[in-house]
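Peer 1: There's a structure below that I have some questions on.
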Amino acid sequence: MFNAVELFKQRLTDHFKLLNRYLRYIFNGHFMIALIFIIITLAIYYQRWLENIGENFPSSIVIALALGFAVSYNPLQLLLKEPDKVFLIVKEEKMQRYFQLAVLYNFIVQLYIVFIITAVVLPLYNEVYPNETTLDFLYIFIIILVVKAWNLFANWNVLKIHNVRVRMFDKLIRTLLSIALFYFLLVDTFVVITAVLYFAAIVNNIIISRKQAGLAWDVLIENDQNRLASFYRFVSMFADAPQLTKRVKKRRILSSLIHQIVPFKHSSTYDYLYRLTFIRSNDYYICTSV
């Protein structure tokens with residue numbers, strides 16, 4: 001009998017094994033020493049910069065941009081595989097619990113981004129708003145977690161839509177509203193209006209996603225494959241990643257230049273195909289990363 005929870009546990013276990021296999025190569029002794037040195041150096045320069053910060057510096061805008069990015073960056077790793085579009089699509093109605101656990105897992109994992117950015121902007125916040133108490137910042141931090149959860153839920157809903165432009169426009173609107181919400185929260189004005197607009201955007205997101213006939217399995221699986229390919233490209237800088245596969249992208253603007261430079265003739269077949277393949281593949285990116 002099909003069990004969505006057991007399937008998620010198995011996929012998550014396999015995912016952890018994959019991460020453990022490669023992260024031990026990445027976070028070796030030399031890399032960690034270099035990383036700690038860079039963090040300490042940046043922290044020293046950051047502290048010195050805060051001591052000499054000018055009154056005209058747009059601190060509220062910078063903090064709002066940083067927090068807006070922290071809550072708006074919500075890549076989803078649903079642990080799906082290519083065969084799922086054949087074998088699991090028939091179990092779509094029973095997969096609801098699986099996706100709920102997957103979204104919750106992504107929220108917990110991505111909290112490190114929130115903690116890092118919050119730790120970075122906290123000294124700036126204390127410098128610019130010396131009269132604010134720890135309780136005031138705790139209140140802002142709770143709002144950060146709530147907005148982060150809203151954005152992640154909205155990102156899951158928008159992945160049900162096939163239209164790429166709709167997904168990009170929805171993400172742009174939510175990002176701008178997130179930045180505006182934190183900015184007006186810091187300057188203590190128009191907070192309610194911005195929150196209402198943000199809530200309206202989330203509701204609109206839910207309404208559009210529910211109009212879809214079913215899950216966009218091709219979009220979900222492609223999203224997972226792109227995330228996994230990005231991880232393998234990063235790993236390839238430290239160790240061999242045999243799972244790294246070539247991915248082709250249209251790159252219409254660059255491809256149109258090929259049409260202008262190399263004539264589409266029988267005598268130029270090799271040059272035309274070679275240049276077009278090079279432009280549309282990621283080989284040059286991988287080579288520069290190794």
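The values are calculated or read from the model by the stated rules, or taken from the named source; none is laboratory data. Model, not experiment: these values are computed from the prediction. Every residue, glycine among them, receives a Cβ derived from its backbone with ideal geometry; neighbour counts consider all protein chains shown.
Peer 1: Under the condition of being more than 21 Å from residue 172 (Cα to Cα) and among the acidic types (Asp, Glu), which residue from region 184-223 is surrounded by the most Cβ atoms within 10 Å (Cβ to Cβ)?
Peer 2: Step by step, filter region 184-223, then rank; the result is 218.
Peer 1: Quick check on residue 61: is it over 20 Å from the mean Cα position of the chain (by Cα) and free of Cβ contacts under 8 Å to residues at least 40 places away in the same chain? Lay out the reasoning, then the answer.
Peer 2: Numbers: over 20 Å from the mean Cα position of the chain (by Cα): yes; free of Cβ contacts under 8 Å to residues at least 40 places away in the same chain: no.
Criteria not met by residue 61.
Peer 1: OK, next. I want to confirm something. Restricting to region 1-13 and keeping residues that are touching a residue at least 60 places away in the same chain (Cβ under 8 Å) and surrounded by 12 or more Cβ atoms within 10 Å (Cβ to Cβ), which single residue is farthest from residue 84 (Cα to Cα)?
Peer 2: Just the residues of region 1-13 that are touching a residue at least 60 places away in the same chain (Cβ under 8 Å), to begin with: 2, 4-5, 7-8, 11-12.
Checking the rest, the ones that are also surrounded by 12 or more Cβ atoms within 10 Å (Cβ to Cβ) come to 4, 7-8, 11-12.
Working: 4: 13, 7: 12, 8: 13, 11: 12, 12: 15 Å.
Looking at the filtered set, the residue picked out is 12.
Peer 1: Still on this structure: I'm trying to understand the selection: among the residues of region 45-81, which are among the basic types (Lys, Arg) and farther than 30 Å from residue 160 by Cα?
Peer 2: Of region 45-81, the ones among the basic types (Lys, Arg) are 48, 81.
48, the sole residue that qualifies.
Peer 1: Looking at residue 31, is it within 30 Å of residue 123 (Cα to Cα), surrounded by 11 or more Cβ atoms within 10 Å (Cβ to Cβ), of a type outside the set (S, T, N, Q) and in contact (Cβ under 8 Å) with a residue 40 or more places away in the chain? Step through it out loud before you land on a result.
Peer 2: Values: within 30 Å of residue 123 (Cα to Cα): yes; surrounded by 11 or more Cβ atoms within 10 Å (Cβ to Cβ): yes; of a type outside the set (S, T, N, Q): yes; in contact (Cβ under 8 Å) with a residue 40 or more places away in the chain: yes.
Yes, satisfied.
Peer 1: Please tell me if residue 176 is of a type in the set (A, V, I, L, M, F, W, C) and either in contact with a helix residue (DSSP H, G or I) (Cβ under 7 Å, 6 or more places away or on another chain) or over 18 Å from residue 188 (Cα atoms) (or both). Steps first, answer last, please.
Peer 2: Values: of a type in the set (A, V, I, L, M, F, W, C): yes; either in contact with a helix residue (DSSP H, G or I) (Cβ under 7 Å, 6 or more places away or on another chain) or over 18 Å from residue 188 (Cα atoms) (or both): no.
No; evaluated as a whole, the condition is false for this residue.
Peer 1: Another question, if that's okay. Does residue 134 satisfy being at pLDDT 90 or above, assigned by TED's automatic domain parsing to the domain that holds residue 220, surrounded by fewer than 17 Cβ atoms within 10 Å (Cβ to Cβ) and farther than 26 Å from residue 16 by Cβ? If you could, list the steps in order and put the result at the bottom.
Peer 2: Numbers: at pLDDT 90 or above: no; assigned by TED's automatic domain parsing to the domain that holds residue 220: yes; surrounded by fewer than 17 Cβ atoms within 10 Å (Cβ to Cβ): yes; farther than 26 Å from residue 16 by Cβ: yes.
Considered against the rule, which asks whether it is at pLDDT 90 or above, assigned by TED's automatic domain parsing to the domain that holds residue 220, surrounded by fewer than 17 Cβ atoms within 10 Å (Cβ to Cβ) and farther than 26 Å from residue 16 by Cβ, residue 134 comes out as no.
Peer 1: A further question on this structure: Only one residue in 47, 77, 96, 110 is out of contact with any Lys or Arg (no Cβ under 9 Å at 6 or more places or on another chain), closer than 16 Å to residue 159 by Cβ and not β-branched (Val, Ile, Thr), so which one is that? Let's see the steps before the verdict.
Peer 2: Numbers: 47 fails: closer than 16 Å to residue 159 by Cβ; 77 fails: out of contact with any Lys or Arg (no Cβ under 9 Å at 6 or more places or on another chain); 110 fails: out of contact with any Lys or Arg (no Cβ under 9 Å at 6 or more places or on another chain).
The conditions single out 96.
Peer 1: Please identify the pairs in which a residue from region 175-201 that is assigned by TED's automatic domain parsing to the domain that holds residue 147 has its Cβ atom under 7 Å from the Cβ atom of a residue that is among the aromatic types (Phe, Trp, Tyr) and part of a helix (DSSP H, G or I), counting only partners at least 6 apart or on another chain.
Peer 2: So the pair list comes out as 177/198; 181/198; 190/184; 191/184; 194/184.
Peer 1: Do any residues in region 262-290 that are under 17 Å from residue 234 (Cα atoms) and of a type in the set (Ser, Thr, Tyr) have Cβ atoms under 7 Å from those of residues that are at pLDDT 70 or above and outside any helix (DSSP H, G or I), where the two are at least six apart or on different chains, and which pairs are they?
Peer 2: Filtered contacts from region 262-290: 289/236; 289/237.
Peer 1: Moving to a separate point now. Do you know which residues across region 177-224 are part of a helix (DSSP H, G or I) and among the acidic types (Asp, Glu)?
Peer 2: 218, 222, 224
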